[in-house]
Amino acid sequence: MIVLVFKYLTPKGFRGITLFPFIVLSQKGDKGNKVLVNHELIHIRQQLEMLVLPFFVWYFVEYLIRWIALKDRREAYRNISFEQEAYENEKDLDYLKRRSFWRFLRYV
C-alpha cells in the first residue's frame, strides 16, 4: 500500500480513493486518520481478491444498478456492497486480520 496526497484525484466530496496499490487522500492530515485509512485498506483487500480490474467493473455496474433503483447517486454509492463492508468495519482496526475471503458478498 502506498499513501499519496493529491486532492485533484479524489472525487469532489470524498476524502480518499483507492486505486490499487495506491490510497489517494485529498488532505495531508488524513494520513493520520486511522479510520479513513482502514476504510481504504479494506478496499485494497477487495481489489486484490478480485484481481483489481474486475473489482472496478463490478463496482461500476453495481453503482449503476443501485442508482437506477434508488434514484439517488449518494445512496447508490453508500449501498455498493464494497462500500457497505468498508463503512461497517472501518472503525475496527483489526478487521482485516480476521476478515474472510470475499467477505463483501455478504452485503450484495
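A few remarks follow.
- Loop sites in segment 25-81: GluC sites (Glu not before Pro), DSSP, at most 10 other Cβ within 10 Å: none
- Percent antiparallel among DSSP beta bridges (both partners in the chain, rounded to 5): 50 percent
- Put in order of Cβ neighbour count within 10 Å, fewest first, the listed residues 1, 50 become 1, 50.
- Largest GNM mean-square fluctuation among 84, 46, 27, using the chain with Cα springs under 10 Å: 27.
- Positive contributions from Lys and Arg (+1) and negative ones from Asp and Glu (-1), summed over other residues with Cβ under 14 Å from the Cβ of residue 89, come out at +1.
- Cβ-placed point charges (K, R +1; D, E -1), dipole of the chain about Cα centre in debye, nearest 20: 220 debye
- Computed over the chain with a Gaussian network model linking Cα atoms closer than 10 Å, the most mobile of 98, 73, 45 is 98.
- Under a Gaussian network description of the chain, with springs only between Cα atoms under 10 Å, the residue in 11, 54, 21 that fluctuates furthest is 11.
- Each Lys or Arg adds one and each Asp or Glu takes one away; over the other residues whose Cβ falls under 11 Å from the Cβ of residue 76, this sums to +1.
- Applying both filters, DSSP loop and at most 13 other Cβ atoms within 10 Å, to the trypsin sites (Lys or Arg not before Pro) of segment 1-34 gives 7, 12.
- Along the axis of the charge dipole computed for the chain (Cβ charges of +1 for Lys and Arg, -1 for Asp and Glu, origin at the Cα centre), the listed residues 4, 70, 17 are led at the positive end by 4.
- Extending 7 Å from the Cα toward the beta-carbon at both residue 2 and residue 72 defines two label points whose distance is 3.8 nm.
- Cross-link partners of residue 28 among lysines, defined as those whose alpha carbon lies under 21 angstrom from its own and excluding same-chain residues fewer than eight positions apart: 7, 12, 91.
- Proximal lysines relative to residue 97, as straight alpha-carbon distance under 22 Å, when same-chain residues fewer than 8 apart are discounted: 31, 34
- Averaging the sequence gap over all C-alpha pairs within less than 8 Å and six or more residues apart, then dividing by the number of residues, gives the chain a relative contact order of 22 percent.
- Among 24, 57, the order by Cβ neighbours within 10 angstrom, fewest to most, reads 57, 24.
Since every read-out is calculated from the coordinates, none of them should be taken as a lab result. Here the structure is a predicted model, which means the values were calculated and not measured. Neighbour counts are summed over all protein chains in view; Cβ atoms, including those assigned to glycine, are modelled from backbone coordinates with ideal geometry.
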